[in-house]
1. Go through the range 73-92 and give me each residue that's in a loop (DSSP other than H, G, I, E, B), more than 12 Å from the ligand (Cβ to nearest atom) and touching an Asp or Glu at 6+ places or on another chain (Cβ under 7 Å).
2. Could you please give the count of residues in the range 183-200 that are outside any loop (DSSP other than H, G, I, E, B) and in contact (Cβ under 8 Å) with a residue 24 or more places away in the chain?
3. Starting from residues that are assigned to a loop (DSSP other than H, G, I, E, B) and under 28 Å from LEU120 (Cβ atoms), keep the ones in the range 228-257 and report whichever is nearest to the ligand (Cβ to nearest atom).
4. Hey, does the range 165-187 have a residue that's at pLDDT 95 or above, more than 11 Å from the ligand (Cβ to nearest atom), under 29 Å from SER72 (Cα atoms) and not hydroxyl-bearing (Ser, Thr, Tyr)?
5. Hey, can you tell me all the residues within the range 93-142 that are in a helix (DSSP H, G or I) and over 19 Å from PHE165 (Cα atoms)?
6. How about the range 112-126: which of its residues are open to solvent by 10 Å² or more (accessible area, probe 1.4 Å) and within 20 Å of ARG85 (Cβ to Cβ)?
7. Hey, could you check the range 188-215 for residues that are open to solvent by less than 20 Å² (accessible area, probe 1.4 Å) and within 8 Å of the ligand (Cβ to nearest atom) and say which is nearest to ASN144 (Cα to Cα)?
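The values are calculated or read from the model by the stated rules, or taken from the named source; none is laboratory data. Just so you know, these numbers come straight off a predicted model, no measurement behind them. With ideal geometry, Cβ positions are generated from the backbone for all residues, glycine too; neighbour counts draw on all protein chains shown. Surface accessibility is based on the protein's heavy atoms, side chains included, excluding ligands, DNA and RNA. Shrake-Rupley method; radii C 1.70, N 1.55, O 1.52, S 1.80 Å.
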Amino acid sequence: MLCIPVREFLFWKKKQLSKGGDQQSFALLLDCIGGISKSELIFLSLKPEENLYLKKDLEFLESLWDDHLLKSYPIQYICGITFWRDLTLKVTSKVLIPRPETELIIEIVFKIFGKKSQELLFAELGTGSGAISIALALAYPHWNGVATDIDEDALEIARKNYINFSKQSNLQFYCGHWWAPLESFRGKLDLAISNPPYIPKDTYKKLPKEVKNFEPKIALLGGDDGLNHIREIIQKAPLFLKEKGWLILENHFDQGEQVKQLLFRNKFTSIEIVKDLSGIGRFTIGRYK
Ligand SMILES: C[S@@+](CC[C@H](N)C(=O)[O-])C[C@H]1O[C@@H](n2cnc3c(N)ncnc32)[C@H](O)[C@@H]1O
């Protein structure tokens, strides 16, 4: 631990923020790497005469902050963690940083099944850091879940995140292409969820640097119109869902109507486009027959 005067620290902090970036990212860096929690940070200005204890020196913290600002390196990858709902998840550049809008998927599940639903089996296709599946496995300890991903490195992170939060064993992880690792669950799923790669090719080329240069392409790109993976997931879903089983998909802001049509053509009912908090039709849900 390094001891420095609060006054000196506050002066340094002001200088760092004047270079750019946002308060939240800076607070994450100070919390994860510097060892100063958000609540500690709030009260520092009230006691400028005191000393402060840091895990790393200011020079080191500044070099990380500069990396973030100059190279657009996501602060979550620098810190190795991100906050999602009430979870603190390990993330590396092998997994997509779970987005706040995706948190709504858990609310959709609560709305469909209630918070005290009976035992059931769910699958998440393309789990990445494991955020969605872990949140569900924790919220419903009597449910059983299977989370898949094509990328074994991503699954390793998801497994670690799950072990970090739960002593239970109601979530299993499988590697493979969409439904392929779930052969033994044919006709048995009550619920399937996916936030698949859905960015159209031309949009991908124009993504901000912090996304395009650092987050895994395999987690983002959905082919020419962005719907390649969604199409495949919907077409095969009837083989794996129970009758009346639910499918919840996240899609790009303008894909709702097309996803709705795909669900309709594959004999889904109760189809609905669900808006996110910005009023965007971000999710499309349906029930198999
Ligand atoms: C948009 S990310 C979603 C990650 C996580 N579920 C979330 O919401 O933050 C899509 C995920 O799908 C995985 N993926 C891509 N292609 C896949 C495929 N063919 N089969 C299974 N998973 C795939 C990626 O590795 C990535 O983790």
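1. TYR73, PRO74, listed by residue number.
2. 8
3. Restricting to residues being assigned to a loop (DSSP other than H, G, I, E, B) and under 28 Å from LEU120 (Cβ atoms), the top hit is ASN251.
4. no
5. Listed by number, the residues that qualify are PRO100, GLU101, THR102, LEU104, ILE105, GLU107, ILE108, VAL109, PHE110, LYS111, ILE112, PHE113.
6. ILE112, PHE113, GLY114, LYS115, LYS116, SER117, GLY126
7. SER194
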